[in-house]
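Novice: Okay, here's the structure, questions in a sec.
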Amino acid sequence: MLDFLGDLRRTHHCGILRPSDAGTKAVLMGWVNRRRDLGNLVFIDLRDRTGVTQVVLNRELNATAHEKADLLRNEFVIAVIGKVKLRDADTVNKNIPTGEVELVAEDIRILNESKLPPFLPSDTALTNEETRLKYRYIDLRRDVMQFNIETRHHVAKAIRDYLSAQGFFEIETPFMTRSTPEGARDYLVPSRVQPGAFYALPQSPQLFKQILMISGFDRYFQIVRCFRDEDLRADRQPEFTQIDLEMSFPQAERVWEVVEGFLVAAFRAANYEIKTPFPRMDYDEAIRSFGIDKPDLRLPAFTDVRDCFTEGNLRELAINTNLPVIAIRTPKVGELSRKERDDIKPMFHSKGGAKTFEDFKRIANKFPDAAAAIARKSGAEEGDLTVLVAGSAQTGPQTAMPAHRKVTPSELSIYASAGLLRLALAQKYADRHKCFQRGDFRFLWVTNFPMFEWDEGEKQWMAAHHPFTSPHEEDMKLLEAGVESVNDPQSPLSAVRALAYDVVLNGTELGSGSIRIHRQDIQRKIFRALGMTEEEAKSRFGFFLEALEYGTPPHGGIALGLDRIVMILAGAESLREVIPFPKTARAVDLMCDAPTPVSERQLRELGIAVRRPEPK
Ligand code: ASP
């Protein structure tokens, strides 16, 4: 089909012709992006992965080629032979890199026709997302999508190259395996050979990577797909990609160094320079200063201003004197109208007993000394918005809960309510404070998370990270004591910290990891603390517990979400924009229409009977 090219084997990409190519012969192949018919002259914008070049068909110069141009429609695939020519000064297109040249066609071949697509890659107004996902192959032809996928490639490659250079091996682990410990619902794969038995798709390669440490592969990584059947929030995907790694004999700091190293490489691949080492913050401090375990450092931390008030002031304001009084400062908001002030109340979601004072002026009128002290302490400047969050005087001591934790649950409800309001205000007034500029990357390590979380529904302790995370050495005594009272929300377990860490960027968790347990006796205690009997632990993780007994080196690691990193680097709005074939919020692939029912025969082979949902 391409024999007409004759000796001209050297084809060009559409986006790379430059003035220095003028006078040479070129062959371009690609898609018809646009066609403009001016009678004697027809212009075709020919597009491929690298860009667009203008092709000119001139009836006077080449009547046959010009005639063929009549047949061309959007998205036809064509080959053009022609001569590269400098454009006249007044027709130079400064918006595209090839804008100083054009290809004067001598011959044109239609390599394939195209139906009229439901939308065009060159459309400026985006069609609805369902149509984009159904016709993903057309959608992926769009410039932005090509850019996003290319960015993804460069970022993944930079990470691979960096880790390889650091002596890490990329090692594959199975997709058809058994339940892993991340705690989400599994996707199951039925076994035909053993009817009634199922594989689980891995929620992460957690246990395999730990076993690789036991096997002596002391630096492992993998850019790997993970599967979690969770109710999908807007920014989740049922299958997603992690940069997963594990090392033997590391301190947490060593893991952080490696992560910082590959993030520098990844960001550089997208033309951003970032600074390392990243700042570090204790979980407790994150809660006290930001009310959340993934602080967004682009805006000021909040301040406890309880001591700016007198006891009498607090009583008058019906504020609980035992709890923090938080001042949230949002910079450069300026004077608020009455209506804008009223809009703040609905943005506040009280986590039990917290209330807000959105009208700081009123406080200032009534308690000028307190207001002046608050402004000083919180560093407020002219035009900054100050909103207070405090405990309501009516809330007595809350449900009896751990006394061991540095931050008590009643304090936590104040901090958490303030934390959410701080973020909501930051979003709402982003145009005014201008702290959310593209390219401003504030990384942070959050460390020393609590090891356990009390599940009020199940009335038991759950692993805050996963059950293979090592407790803090200093808290072993608390663990010892805690396993004696595992059904008690007051148990010393509440104060056990984990050697776990999260890497956070601008208020989003990019990844989390931990130093692991490498001793069977401690692992056993953790299972006990989690309310698991020996039998249960054995039946779920027996193979792993056994492996731990054969000379396990101390080890630790982390996993970061690649999709999210690429999303940030590409400046995309959703994970779906950087995943070539993503699923919708209902976990459906609209292009290939998965999942679908399967035939009776397939089910029979698998020994499966499907119970159809009862009609409502
Ligand atoms: N497996 C963990 C996760 O996917 C990460 C880790 O601890 O390395 O969240």
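The values are calculated or read from the model by the stated rules, or taken from the named source; none is laboratory data. This one's a predicted model, so the numbers in the text were calculated from it and none came from an experiment. Here Cβ is always computed from backbone atoms with ideal geometry, including for glycine, and neighbour counts include all displayed protein chains. What goes into the accessible areas is simple: the full protein's heavy atoms, side chains included, and nothing from ligands, DNA or RNA. Shrake-Rupley method; radii C 1.70, N 1.55, O 1.52, S 1.80 Å.
Novice: Could you check segment 312-349 and list, in sequence order, the residues that are within 13 Å of ILE414 (Cβ to Cβ) and either aliphatic (A, V, I, L, M) or buried (at least 18 other Cβ atoms within 10 Å of the Cβ) (or both)?
Specialist: Scanning segment 312-349 gives ILE319, ASN320, LEU323, PRO324, VAL325, ILE326, ALA327, ILE328, PHE348.
Novice: Pairs, please: C-beta under 7 Å, at least 6 apart or cross-chain, first residue farther than 18 Å from THR276 by Cβ and open to solvent by less than 10 Å² (accessible area, probe 1.4 Å) and in segment 502-515, second within 10 Å of the ligand (Cβ to nearest atom) and outside any strand (DSSP E or B)?
Specialist: Every condition considered, the pairs that remain are SER514/HIS465.
Novice: In segment 516-529, how many residues are within 16 Å of the ligand (Cβ to nearest atom) and either open to solvent by less than 20 Å² (accessible area, probe 1.4 Å) or of a type in the set (A, V, I, L, M) (or both)?
Specialist: Narrowing segment 516-529 to residues within 16 Å of the ligand (Cβ to nearest atom): 516-518, 523, 526.
Now restrict to residues that are either open to solvent by less than 20 Å² (accessible area, probe 1.4 Å) or of a type in the set (A, V, I, L, M) (or both): 516-517, 523, 526.
The qualifying residues number 4.
Novice: Filter segment 470-513 down to the residues that are closer than 17 Å to GLU246 by Cα, in contact with a helix residue (DSSP H, G or I) (Cβ under 8 Å, 6 or more places away or on another chain) and assigned to a strand (DSSP E or B) and list them by number.
Specialist: If the condition is that a residue be closer than 17 Å to GLU246 by Cα, in contact with a helix residue (DSSP H, G or I) (Cβ under 8 Å, 6 or more places away or on another chain) and assigned to a strand (DSSP E or B), then TYR501, VAL503, LEU510, GLY511, GLY513 are the ones that fit.
Novice: Now, a different point. I'm trying to understand the selection: among the residues of segment 455-469, which are more than 16 Å from the ligand (Cβ to nearest atom) and either open to solvent by less than 40 Å² (accessible area, probe 1.4 Å) or assigned to a loop (DSSP other than H, G, I, E, B) (or both)?
Specialist: GLU456, GLY457, GLU458, LYS459, TRP461
Novice: For segment 36-137, please list each of the strands (runs of 3 or more DSSP E) lying entirely inside it that holds at least 1 residues being under 37 Å from the mean Cα position of the chain (by Cα).
Specialist: Per the criteria, 41-48, 51-58, 77-86.
Novice: Would you tally the residues in segment 436-454 being open to solvent by 30 Å² or more (accessible area, probe 1.4 Å), away from the ligand (no atom under 16 Å from the Cβ) and not charged (D, E, K, R)?
Specialist: Taking segment 436-454 and keeping what is open to solvent by 30 Å² or more (accessible area, probe 1.4 Å), we get 436-442, 448, 453-454.
Now drop any that are not away from the ligand (no atom under 16 Å from the Cβ), which leaves 436-442, 454.
Applying the additional criterion that residues be not charged (D, E, K, R) yields 436-437, 439, 441, 454.
Residues meeting the conditions: 5.
Novice: If you don't mind, there's one more thing I want to ask. Looking at ALA426, is it open to solvent by 20 Å² or more (accessible area, probe 1.4 Å) and either out of contact with any Pro (no Cβ under 7 Å at 6 or more places or on another chain) or at pLDDT below 95 (or both)? Give the derivation first.
Specialist: Values: open to solvent by 20 Å² or more (accessible area, probe 1.4 Å): no; either out of contact with any Pro (no Cβ under 7 Å at 6 or more places or on another chain) or at pLDDT below 95 (or both): yes.
Answer is no for this residue.
Novice: Still on this structure, I have one more. Does segment 417-452 hold any residues that are of a type in the set (Val, Ile, Thr) and more than 18 Å from the chain's Cα centre (by Cα), and which are they?
Specialist: Within segment 417-452, just THR447 meets the criteria.
Novice: Moving on. Which residue pairs have Cβ atoms under 7 Å apart, sit 6 or more places apart or on different chains, and have a first residue in segment 352-367 that is farther than 19 Å from GLU335 by Cα and among the small types (Gly, Ala, Ser) and a second that is at pLDDT 95 or above and in a helix (DSSP H, G or I)?
Specialist: Listed by first residue and then by second, the contacts come to ALA354/ILE414; ALA354/SER417.
Novice: Among the residues of segment 119-153, count how many are in contact with a strand residue (DSSP E or B) (Cβ under 7 Å, 6 or more places away or on another chain) and free of Cβ contacts under 8 Å to residues at least 60 places away in the same chain.
Specialist: Total satisfying the criteria: 0.
Novice: Next up: Can you tell me which residue in segment 262-287 is farthest from the ligand (Cβ to nearest atom), limited to those that are touching a helix residue (DSSP H, G or I) at 6+ places or on another chain (Cβ under 6 Å) and part of a helix (DSSP H, G or I)?
Specialist: Going through the qualifying residues, I end up with ALA269.
Novice: Okay, next question. Among the residues of segment 314-352, write down those that are over 32 Å from the mean Cα position of the chain (by Cα) and among the small types (Gly, Ala, Ser).
Specialist: Within segment 314-352, ALA318, GLY334, SER337 meet the criteria.
Novice: Sort out for me the strands (runs of 3 or more DSSP E) sitting completely within segment 143-229 that have 3 or more residues that are within 13 Å of the ligand (Cβ to nearest atom).
Specialist: 219-227
Novice: What number of residues within segment 230-248 satisfy the criterion of being part of a loop (DSSP other than H, G, I, E, B), within 16 Å of the ligand (Cβ to nearest atom) and either of a type in the set (A, V, I, L, M, F, W, C) or open to solvent by less than 10 Å² (accessible area, probe 1.4 Å) (or both)?
Specialist: Count: 1.
Novice: Now, a different point. So if I check each of THR552, THR584, which one is farther than 30 Å from PHE443 by Cα, touching a residue at least 12 places away in the same chain (Cβ under 8 Å) and either assigned to a loop (DSSP other than H, G, I, E, B) or open to solvent by 40 Å² or more (accessible area, probe 1.4 Å) (or both)?
Specialist: Testing whether each residue is farther than 30 Å from PHE443 by Cα, touching a residue at least 12 places away in the same chain (Cβ under 8 Å) and either assigned to a loop (DSSP other than H, G, I, E, B) or open to solvent by 40 Å² or more (accessible area, probe 1.4 Å) (or both) leaves just THR552.
Novice: I'd like to know if segment 527-534 contains one or more residues that are acidic (Asp, Glu) and free of Cβ contacts under 8 Å to residues at least 24 places away in the same chain.
Specialist: Restricting attention to segment 527-534, the residues satisfying the condition of being acidic (Asp, Glu) are 534.
Remaining after also requiring free of Cβ contacts under 8 Å to residues at least 24 places away in the same chain: 534.
Among the residues of segment 527-534, at least one is acidic (Asp, Glu) and free of Cβ contacts under 8 Å to residues at least 24 places away in the same chain, which makes the answer yes.
Novice: Could you tell me which residue of segment 290-310 is nearest to GLY419 (Cα to Cα), considering only residues that are under 34 Å from the mean Cα position of the chain (by Cα) and aromatic (Phe, Trp, Tyr)?
Specialist: PHE290
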